[in-house]
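Trainee: Pasting in a structure now, in structure tokens, and then I'll have a few things to ask.
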Amino acid sequence: MRMQSGKNGLNYKTQQQQKDQNLENKEDQLKQQEKSSKVIQNSLQNEKQDK
């Protein structure tokens, strides 16, 4: 398959990069959510133990 030159080729490339970036961002967000939910769970467990 021949790469289209000109605007189409560039647009395609930047769209792919944007998609990759979006995927990375989503993965980061999921990791952050996991971390924060673990922190919340830990603090809840600690509260239970304190009582």
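Trainee: For Rg and Dmax of the Cα atoms in Å, pick the label among (i) 12.5, 45; (ii) 21.5, 69; (iii) 10.7, 32 that corresponds to the value derived from the coordinates.
Mentor: From the options (i) 12.5, 45; (ii) 21.5, 69; (iii) 10.7, 32, the structure gives (ii).
Trainee: Could you give the angle, 0 to 90 degrees to the nearest 10, between helix 7-50's Cα long axis and the longest principal axis of the Cα atoms of the chain?
Mentor: Once rounded, the angle reads 0 degrees.
Trainee: Under 27 Å between alpha carbons: how many lysine pairs meet that in the chain, if sequence neighbours fewer than 8 apart on the same chain are excluded?
Mentor: Taking the Cα cut-off of 27 Å, the pair count is 11.
We did not get these values from a lab; they are worked out from the coordinates using the rules stated. Everything numeric in this text was worked out from a predicted model, so none of it was measured.
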